[in-house]
Amino acid sequence: MKRIIFIPPNAEMFINDFSIERLGKFFKNDKKIHTTLIKIKNKNSTDKFEYVDSIIDVESKEEILKILKSLKYDVIFHRSWMLAYPFAAKLVKKFDNVIVNIKDWEVSTKKEYKVMYGDKAVNDFKAIKYIFKNAKYILSHYTDKQAAIWAKKYDTNKKKFIFFPEYCNEENFNFRTNITYENPKLVLGGTLAPSSFPEEISAAKSHLRAMKKITKIGIGLDYVLTDGAYAGIQSQKNIMLFQDILYENQFNDNFNLIKGKTLDSSILNKYQFGFFLLEYSTKNEYKNRYAIPSKFAFYLESGLPVVVNKKMKALSYYVKKYNLGIVFSNDDIKTFNQTLDISKKNYTQMVEDIYKFRKKFIFNFDGII
């Protein structure tokens, strides 16, 4: 039996990240795999974490380092992202067979990064360099093209990088009924970044601008957010960061902010298309150029065709090749009604093609574990 240890970013389970949950569900019925989740105890958490075989609660990251020395394991699977990479680097340095599943890595400079995330955030640059050179594997939702860029930049082996987006769980597959196409409505499922970030290094402002253009020409558009994301936007401490979205929710007749259900794709049944970022400009487009966002799996599970900006090159490739939706450009935003009208005749086929494609878009650990 192989033993896998899951450790979340900075050892804390984040309410809007489902990567470990999806993996745990994938391994749950495999009798040859035993999974253990090690995390910092959260007194306010109501999650049961039934998707893993065992759980070890700790009080701190330092306690994890001590416990790991006494455990037998085959692989440490560590999820990490910005502001959590120093802990990931420490795990890689102290233990063997550490696989780091990264969420994002920035295209911004150290100075820009510092403005965005604070003084200590620049420690990520040293940490990510160590991870890229020394982790057993780096899994990410970025394709081989991005891996080649990183391997050259950080002088490391390209084979360490494995394209590993958030894949579908078959148990979550939804089969849509009573599919209609009159007055098509778009939905964003997942989370949302505040539009207070500078446009040069964040897509949030251009995303908001495109949303206003879409709704202005009469297309309905909803944000169906995870429990955590919805609560975060509504909370008093974050209200200043999301005032523009709350304003649109109050006064834009074609926009709604809705609380969703965690990994329940059936909630998207009434929509015709899922979307990602609608408009791209400046540096932010490079961040998603070769990425497959996590919400792609959620849309596939729901059986929902997608609309994708062509600057998301990797995702556009899948959408075109497998007939999973519509690829458009920034300029198409002005005439988006026409873009949607063109797809009417092909819509039912898109849904059928999604049903076929998502059966293949599932986890495969051959050569990794």
Name the one entry in LYS133, LYS145, LYS129 that is farther than 30 Å from TYR271 by Cβ, in a helix (DSSP H, G or I) and in contact (Cβ under 8 Å) with a residue 40 or more places away in the chain.
LYS145
Could you pull out every one of the helices (runs of 4 or more DSSP H) wholly within region 250-369 that has 3 or more residues that are of a type outside the set (Lys, Arg) and at pLDDT 95 or above?
295-302, 313-322, 347-358
Give me the pairs: first residue in region 322-350 and outside the structural domain of LYS310 (by TED's automatic domain parsing), second residue assigned to a helix (DSSP H, G or I), beta-carbon distance under 6 Å, and six or more apart or on different chains, which are they?
none
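May I ask you to list the residues in region 213-231 that are of a type outside the set (A, V, I, L, M), touching a residue at least 40 places away in the same chain (Cβ under 8 Å) and either surrounded by 15 or more Cβ atoms within 10 Å (Cβ to Cβ) or not in a loop (DSSP other than H, G, I, E, B) (or both)? Walk me through how you get there before you give the answer.
The initial filter retains those residues of region 213-231 that are of a type outside the set (A, V, I, L, M), namely 213, 215-216, 218, 220, 222-223, 226-228, 230.
Filter once more, so that each one left must be touching a residue at least 40 places away in the same chain (Cβ under 8 Å): 213, 215, 218, 222, 226-228.
Scanning region 213-231 gives LYS213, THR215, ASP222, THR226, ASP227, GLY228.
Identify, from the list LYS295, LYS311, LYS359, LYS320, the residue that is under 22 Å from the mean Cα position of the chain (by Cα), buried (at least 17 other Cβ atoms within 10 Å of the Cβ) and farther than 23 Å from VAL224 by Cβ. Talk me through it step by step, then tell me what you get.
Values: LYS295 fails: farther than 23 Å from VAL224 by Cβ; LYS359 fails: buried (at least 17 other Cβ atoms within 10 Å of the Cβ); LYS320 fails: buried (at least 17 other Cβ atoms within 10 Å of the Cβ).
The unique qualifying residue is LYS311.
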Looking across region 175-197 at residues that are part of a loop (DSSP other than H, G, I, E, B) and either hydroxyl-bearing (Ser, Thr, Tyr) or touching a Lys or Arg at 6+ places or on another chain (Cβ under 8 Å) (or both), the single one that is modelled with the highest pLDDT is THR191
Test: residue in region 61-84 that is more than 21 Å from the chain's Cα centre (by Cα) and at positive phi:
no
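Taking LYS152, is it of a type outside the set (A, V, I, L, M), farther than 19 Å from VAL75 by Cβ, part of a helix (DSSP H, G or I) and in the same structural domain as GLY24 (by TED's automatic domain parsing)?
Numbers: of a type outside the set (A, V, I, L, M): yes; farther than 19 Å from VAL75 by Cβ: yes; part of a helix (DSSP H, G or I): yes; in the same structural domain as GLY24 (by TED's automatic domain parsing): yes.
Spelling it out, LYS152 is indeed of a type outside the set (A, V, I, L, M), farther than 19 Å from VAL75 by Cβ, part of a helix (DSSP H, G or I) and in the same structural domain as GLY24 (by TED's automatic domain parsing).
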Per the filter on region 63-92, residues more than 20 Å from HIS34 (Cβ to Cβ), in contact with a helix residue (DSSP H, G or I) (Cβ under 7 Å, 6 or more places away or on another chain) and in a helix (DSSP H, G or I) are LEU65, TYR85, PRO86, PHE87, ALA88, ALA89, VAL92
Could you please let me know if ILE217 is modelled with pLDDT under 85 and more than 13 Å from GLY260 (Cα to Cα)?
no
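Given the structure, is SER206 surrounded by 14 or more Cβ atoms within 10 Å (Cβ to Cβ) and in a loop (DSSP other than H, G, I, E, B)? Reasoning before the result, please.
Numbers: surrounded by 14 or more Cβ atoms within 10 Å (Cβ to Cβ): yes; in a loop (DSSP other than H, G, I, E, B): no.
So SER206 does not fit the description; no.
The values are calculated or read from the model by the stated rules, or taken from the named source; none is laboratory data. As the structure is a prediction and not an experimental result, all values here were calculated from the model. FYI the Cβ positions are ideal-geometry reconstructions off the backbone, even for glycines, and counts take in every protein chain you see.
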